[in-house]
């Protein structure tokens, strides 16, 4: 699959499901009590997300400006860093937390830049053109405050919500971008 949409939708839905499972089944939360298989699953769920963002960043039709494309590349690299960060949790939850504390805002910033470029240029018709901007804002308005202040259930539900943002971005991209040859 060379189109970014299915990757973003699958990765986003996996993250949303993982967040809901983590909220409903406390041992599956995102901490040191999690079973090894769960931690490996969490790492693997970021692979389709990273693939989707890399394919999106490579697409010349995705964002009309150099700054917007740089935002997508930044997001792609940050999301790719989630894979080893999840696996680092097997050895050290503190180290994994540090990596996530760095790359999550970087991913959000990349989405904000790409989203601002998309909205500014009116590149996508309809509501879909706001999805990258909303996904970037979500990091700073919902995700980080939930992780910092509202406890583990709110944190995993906020992570699930960000997965929904990725899935919505995939759906918006699917409507807008032609199939690659």
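The values are calculated or read from the model by the stated rules, or taken from the named source; none is laboratory data. For clarity, every value in this text was computed on a predicted model and none was experimentally measured. Every residue, glycine among them, receives a Cβ derived from its backbone with ideal geometry; neighbour counts consider all protein chains shown.
Numerical summary
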| quantity | calculated |
| --- | --- |
| Cβ pairs under 9 Å, 6+ apart, first in the range 167-181 and closer than 10 Å to residue 131 by Cα, second outside any helix (DSSP H, G or I) and modelled with pLDDT of 65 or more | 173/3; 173/59; 173/62 |
| Boolean, residue 145 is at pLDDT 85 or above and either within 12 Å of the chain's Cα centre (by Cα) or farther than 23 Å from residue 69 by Cα (or both) | yes |
| Where a residue in the range 82-110 is touching a residue at least 24 places away in the same chain (Cβ under 8 Å) and on the phi < 0 side of the Ramachandran plot and its partner, wherever it lies, is surrounded by fewer than 16 Cβ atoms within 10 Å (Cβ to Cβ) and assigned to a helix (DSSP H, G or I), with Cβ under 6 Å and at least six apart | 108/140 |
| Test: residue 136 is surrounded by 23 or more Cβ atoms within 10 Å (Cβ to Cβ), within 11 Å of the chain's Cα centre (by Cα) and either modelled with pLDDT of 90 or more or under 22 Å from residue 44 (Cβ atoms) (or both) | yes |
| Some residue of the range 113-120 being modelled with pLDDT of 90 or more, under 13 Å from the mean Cα position of the chain (by Cα) and crowded, with 16+ Cβ neighbours inside 10 Å | no |
